[in-house]
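Remarks on the structure that follows.
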Amino acid sequence: MSTSRKTGLLNPQIMRALIGIGVFLALWYLLTAVLQLPRFKLLPNPLSVIAEWISFEPVSGRSIFTKAFYLDMGFSIARTLIAFSLATFLGVLLGLIMGWNRIFYDFSFPIVEILRPMPPLSWIPLAVLILPGVELAVVYVTFIAAFFATVLNTLLGVFSIDKNYFLAASCLGSKPKHIFINIVVPGALPFIFTGLQIAMGVSWMSLVAGEIISGQQGLGYAIYEGYSLFQFDQVVCYMFTLGILGYISSAGIRALGRRLMAWESRRRGA
Amino acid sequence: MNQVLTPAAGITKGSFGEVRLERVGKIYEKEIERLVALDEFSLTIERGKLTVLMGPSGCGKTVLINMIAGYEQPTSGTITLDGRPVQGPSCDRLVVFQESALFPWMSVYSNVVFGCQVQGIDPAEIRAKAELILRKVGLFEFRDKYPAHLSGGMQRRAELARALINDPKILILDEPFRGLDAMTRELMQEFYVGLFEEFGRTNLFITHEIDEAIFLADKLVIMTYQPGKVKAEIEIDLPRPRDFKMLASSRFMQIRAQTLELLYEESSKAFASGSKAAFDLVGALASSKDSCRIAG
């Protein structure tokens, strides 16, 4: 999207991003370490967070040089990936069928719309009750919000397809299966990818909530542990770990979307 | 004047159809409202000829196309292609839509061969046909591009190619050059009329542009405003092949003046009854009446 030919740190886009981050860190430092405003002085300052993050002997036992850090990350990433893949597969499938078949839509839309706004966390009791083991319950909670976001966007994607494409395809001799594969799926793709980005975001959010409530390992669990043990440096450095993971995963989806939709004349809000 | 048909191998098989509409009526009924879109509409779209249909907005042209294409059923009357009643969409009656209906997610080549592919035609045959027709419309070099990366004129040519490769018995064009800039539009008209003159084929062409209509047509059909009926059929006896010099000929002017009279009546009716879209047409006609008077 950047049309600049400069690369590396000289690229103005990257420069601005770095400056933005720098200003944020400076303000944070100012509020917590220099001015020490009443409520802010309880917060860890950025230097101590970074020091903890890259320490060989972290107070909390978790830094980039410890196995625990990568174990936490591994658990969280694995749960999110499983939940997100499942949500993508089932959500896109259901959304496409709902969008394509009017009768199925009539049957399913009301119930989907009732289930959709239920907060992921409200599913925890039932998930723990039904699913064997806490692990699956956390994955389920991560899955459910992403699933509905994907269904709804896929559905809207199918509805967004120009009616003329269907008419053209049918007079050119298409059978329903051709229309489904050649018109419905690619036509809904831009909306599907918008949905997947939202789904990825809510996956991480619900994952952490699930881990805090019923997890036994993972970033969310470690944040809760840090909170109970009063180790706020660790809490903050794990928060940023989550933020960075979320950023990378969204960027990955965007990049995939761009490759699959090279045909689009203009980019949808990236 | 229509024996044309130098059958460039592969593109034409000379199997052009004749479409007859007999006393076709189409009524839309909602709870209280009742709209008679077409009433006792009878017309023969002759074999191998270019029939152009004109009429004010809202006169039922699109309904007519939808019924010939098989997307909708007439309420009364019959539509036949070579004597057989029309049933459902089929690739012997192909429509080129108003706004481009090229699939944006397919390359030009994939768009053009789409019909043949879903019909399960032998891949080698498809490839040969596609190359021929892409060269014919001047898009062979652009076959791997997506529609969004083509100019408006190229998109319309790609769409013509996508239809022609299937050897339709009738080609229906619904204001295909709408939205093109004036220059491109003229070039497309010239290109299209050349294509028609080379391959013959039965064509039904819908347009709002009077010059375009006369320039292209063998027969010009003018429709009435609600309910849609045939108001007049005008045989256009300008010689073929046509070129743009004819736009200045006295015969052209004669036909134009006659057509304008007929159209003006209908458009005024549409205007008086409050059709918003007709407003533009009346305005355009009024100004072109003046220019015609000056030119003639």
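The values are calculated or read from the model by the stated rules, or taken from the named source; none is laboratory data. Quantities reported herein were computed from a predicted structural model and do not represent experimental measurements. Note that we place each Cβ from the backbone using ideal geometry, even for glycine, and neighbour counts take in every protein chain shown.
Of the residues A:ARG259, A:ARG254, the single one that is within 14 Å of another protein chain (Cβ to nearest Cβ), surrounded by fewer than 18 Cβ atoms within 10 Å (Cβ to Cβ), out of contact with any Pro (no Cβ under 7 Å at 6 or more places or on another chain) and among the basic types (Lys, Arg) is A:ARG259. Cβ-Cβ contacts under 8 Å between residues 6 or more apart (or on different chains), taken from a first residue in the stretch A:247-261 that is within 12 Å of A:THR194 (Cα to Cα) to a second residue that is among the small types (Gly, Ala, Ser) and part of a helix (DSSP H, G or I), are listed as A:SER250/A:GLY201.
Only one entry in A:SER60, A:SER85 is surrounded by 15 or more Cβ atoms within 10 Å (Cβ to Cβ) and either modelled with pLDDT of 90 or more or within 30 Å of A:GLY252 (Cβ to Cβ) (or both), namely A:SER60.
Here's the yes/no breakdown for (1) within 13 Å of the chain's Cα centre (by Cα); (2) under 19 Å from B:GLY60 (Cβ atoms); (3) not charged (D, E, K, R):
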| residue | (1), (2), (3) |
| --- | --- |
| B:THR207 | yes, yes, yes |
| B:GLY228 | no, yes, yes |
| B:GLU233 | no, yes, no |
| B:PRO239 | no, no, yes |
| B:ASP243 | no, no, no |
| B:LEU247 | no, no, yes |
| B:SER268 | no, yes, yes |
| B:PHE271 | no, yes, yes |
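Among the numbered conditions (1) farther than 30 Å from A:ASN182 by Cα; (2) charged (D, E, K, R); (3) surrounded by fewer than 17 Cβ atoms within 10 Å (Cβ to Cβ), the only one that A:ASP233 does not meet is (3). Is at least one residue of the stretch A:134-151 in contact with a Leu (Cβ under 9 Å, 6 or more places away or on another chain) and within 14 Å of chain B (Cβ to nearest Cβ)? No - not one qualifying residue is present in the stretch A:134-151. Where helices (runs of 4 or more DSSP H) fall entirely within the stretch B:56-165, those with at least 2 residues that are in contact (Cβ under 8 Å) with a residue 24 or more places away in the chain, away from every other protein chain (no Cβ under 14 Å) and under 30 Å from B:ILE27 (Cα atoms) are at B:61-69.
Between A:ILE144, A:ILE183, the distinction of being over 18 Å from the mean Cα position of the chain (by Cα) and not polar (S, T, N, Q) belongs to A:ILE183 only. Under the condition of being of a type outside the set (Gly, Ala, Ser) and over 26 Å from A:GLY257 (Cα atoms), which residue from the stretch A:161-175 is surrounded by the fewest Cβ atoms within 10 Å (Cβ to Cβ)? The qualifying residue surrounded by the fewest Cβ atoms within 10 Å (Cβ to Cβ) is A:LYS175. Among the residues making up the stretch A:162-186, a single one is facing chain B (nearest Cβ under 7 Å) and over 22 Å from B:PRO168 (Cβ atoms): A:PRO186.
Do you know which of the residues in the stretch A:226-246 that are touching a residue at least 60 places away in the same chain (Cβ under 8 Å) and hydroxyl-bearing (Ser, Thr, Tyr) is farthest from the other protein chains (Cβ to nearest Cβ)? Among residues in the stretch A:226-246 that are touching a residue at least 60 places away in the same chain (Cβ under 8 Å) and hydroxyl-bearing (Ser, Thr, Tyr), the one farthest from the other protein chains (Cβ to nearest Cβ) is A:TYR238. Is it true that some residue in the stretch B:224-239 is aromatic (Phe, Trp, Tyr) and modelled with pLDDT of 90 or more? Looking for residues that are aromatic (Phe, Trp, Tyr) and modelled with pLDDT of 90 or more, one finds none in the stretch B:224-239, hence no. The residue that is surrounded by the fewest Cβ atoms within 10 Å (Cβ to Cβ), among those in the stretch A:31-57 that are in a helix (DSSP H, G or I) and polar (S, T, N, Q), is A:SER48. Note on the stretch A:210-222: residues that are surrounded by fewer than 24 Cβ atoms within 10 Å (Cβ to Cβ) and either touching a Cys at 6+ places or on another chain (Cβ under 9 Å) or modelled with pLDDT of 90 or more (or both) total 1.
I'd like to check something: does the stretch B:23-33 contain any residue that is in a loop (DSSP other than H, G, I, E, B), more than 14 Å from chain A (Cβ to nearest Cβ) and touching a strand residue (DSSP E or B) at 6+ places or on another chain (Cβ under 7 Å)? Within the stretch B:23-33, none of the residues are in a loop (DSSP other than H, G, I, E, B), more than 14 Å from chain A (Cβ to nearest Cβ) and touching a strand residue (DSSP E or B) at 6+ places or on another chain (Cβ under 7 Å). Can B:MET253 be described as part of a helix (DSSP H, G or I), more than 26 Å from B:ALA69 (Cβ to Cβ) and in contact with a Cys (Cβ under 9 Å, 6 or more places away or on another chain)? It is true that B:MET253 is part of a helix (DSSP H, G or I), more than 26 Å from B:ALA69 (Cβ to Cβ) and in contact with a Cys (Cβ under 9 Å, 6 or more places away or on another chain). Give me the pairs: first residue in the stretch A:9-30 and exposed (fewer than 10 other Cβ atoms within 10 Å of the Cβ), second residue part of a helix (DSSP H, G or I), beta-carbon distance under 7 Å, and six or more apart or on different chains, which are they? So the pair list comes out as A:LEU9/A:MET15.
For the condition more than 15 Å from the chain's Cα centre (by Cα) and under 23 Å from B:PRO241 (Cβ atoms), B:VAL137 qualifies. Considering (1) assigned by TED's automatic domain parsing to the domain that holds A:ALA146; (2) farther than 25 Å from A:GLY201 by Cβ, the lone condition that A:LEU35 does not fulfil carries the number (1).
The set of residues from the stretch A:43-66 being hydroxyl-bearing (Ser, Thr, Tyr) and closer than 24 Å to A:LEU30 by Cα comprises A:SER48, A:SER55. If you go through the stretch A:204-217 and pick out every residue that is part of a loop (DSSP other than H, G, I, E, B) and under 13 Å from A:ALA137 (Cβ atoms), you end up with 2. If you go through the stretch A:6-14 one residue at a time, do you hit one that is under 26 Å from the mean Cα position of the chain (by Cα) and part of a helix (DSSP H, G or I)? Within the stretch A:6-14 (the criterion being under 26 Å from the mean Cα position of the chain (by Cα) and part of a helix (DSSP H, G or I)), the answer is yes, since at least one residue qualifies.
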